[in-house]
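**Q** One structure, pasted below without further comment.
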Amino acid sequence: MKDLLPIVLVTAIALGLVGVAVVVGHDTSTLVSPPEAVAEQFARKLAGGRYDVASAHLEHPSPAMR
């Protein structure tokens, strides 16, 4: 049991440091949805006729989305 405490402590500290780095550093690339999920969300919005909401996924505005 004594051997487990340092492992848990080091893991907790490492996770805490990563959490602080993500939050304080305003990291926008670590905790993001996978590309497949984003593409699926986009397709669902298009299929539902929610073109104005789906256009938020596009880098450049498209005249076809209006």
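The values are calculated or read from the model by the stated rules, or taken from the named source; none is laboratory data. As the structure is a computational prediction, the values presented were derived from the model and not from experiment. Cβ coordinates were reconstructed from backbone atoms using ideal geometry, including for glycine residues, and neighbour counts include every protein chain displayed.
**Q** Using beta carbons and a limit of 7 Å, which pairs, at least six apart or on different chains, have the first residue in segment 15-38 and more than 25 Å from His57 (Cβ to Cβ) and the second one surrounded by 10 or more Cβ atoms within 10 Å (Cβ to Cβ)?
**A** So the pair list comes out as Ala21/Asp27.
**Q** Given the conditions (1) exposed (fewer than 10 other Cβ atoms within 10 Å of the Cβ); (2) modelled with pLDDT of 95 or more, report the number of the one that Thr11 does not fulfil.
**A** Just one mismatch for Thr11, condition (1).
**Q** Kindly provide the set of residues from segment 31-66 that are loosely packed, with under 10 Cβ neighbours inside 10 Å, assigned to a loop (DSSP other than H, G, I, E, B) and either over 18 Å from the mean Cα position of the chain (by Cα) or among the polar types (S, T, N, Q) (or both), ordered by number.
**A** Hits for segment 31-66 are Gly49, His60, Pro61, Arg66.
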